[in-house]
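> Sharing a structure here in structure tokens format.
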């Protein structure tokens, strides 16, 4: 091995490397809106016994088994002032209520009864546009999956 450039062989460590000697973890450059709302959405999730995965451009509330994203609030860096919140597959009324709580945590002024509006949109399969404060909400039920719904949020 010395002919390949190795100058010495050190003994194998017997203990883990101290954390002070480890390189720092890379930072995730969150989009400003995601950085702004992640703590509030995390609190909503924890209050409901759920966990959150924070991505560069999204906050995802995960199911209890952490396998399914129940509600995803994402921000698009190419379209300033546009966000989208959506549900994952096969959800129930409780998921729609969670979606409303996440919207409220993100500062979007919708009533708790907005979950009924979303449920009605799923049943009728009709797109609609609503105004909530300074936000324009485009409610779009999925054309492929019965219980899925997306809301495009413009401000």
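Rule-based calculations on the coordinates, nothing more; no lab input. Given the structure is predicted, the values throughout are model-derived calculations rather than measurements. Here the Cβ is made from the backbone with ideal geometry for all residues, glycine too, and neighbour counts use every protein chain on show.
> Mind checking the angle between helix 32-47 and the chain's longest principal axis? C-alpha axes, 0 to 90 degrees, to the nearest 10.
Its long axis makes an angle of about 80 degrees.
> Quick one: if the Förster radius is 22 Å, what FRET efficiency do residue 36 and residue 142 give, using the C-beta to C-beta distance and rounding to 0.05? Intermediate results must be reported in sequence, preceding the final value.
Numbers: r = 28 Å, r/R0 = 1.26.
Between residue 36 and residue 142 the formula returns 0.20.
> Label point 7 Å out from residue 29 along Cα-to-Cβ: which residues of the range 48-68 have amide N under 14 Å?
Hits in the range 48-68 for residue 29 at 14 Å: 56-57.
> In addition: Suppose R0 equals 30 Å; then what is the FRET efficiency for residue 127 and residue 64 from their Cβ-Cβ distance, rounded to the nearest 0.05? Don't skip to the answer; put the middle values down first.
Working: r = 31 Å, r/R0 = 1.04.
According to the calculation, E is roughly 0.45.
> Tilt of helix 93-105 relative to the longest C-alpha principal axis of the chain, in degrees (0 to 90, nearest 10)?
Once rounded, the angle reads 70 degrees.
> Which order results if 86, 8 are arranged by neighbouring Cβ count within 10 Å, fewest first?
Values: 86 18, 8 5.
Neighbour counts put them in this order, fewest first: 8, 86.
> Let me ask another. Over the chain, what is the relative contact order in whole percent, taking alpha-carbon pairs under 8 Å and six or more residues apart?
Values: 241 pairs, mean separation 24.5, N = 155.
Relative CO of the chain lands at 16 percent.
> Per DSSP H run of at least 4 residues, take -39500 (n - 2.57); add these up for the chain, divide by its residues and hand me the 222 nm value, nearest 500 deg cm²/dmol. Write out the running numbers ahead of the final one.
Values: 3 runs with 40 residues, N = 155.
Theoretical 222 nm ellipticity from helices: -8000 deg cm²/dmol.
> Sticking with this one: Arranged from highest to lowest average of other beta-carbon atoms within 10 Å per residue, in what order do the peptides 123-134, 102-113, 39-50 appear?
Answer by packing, highest mean first, reads 102-113, 39-50, 123-134.
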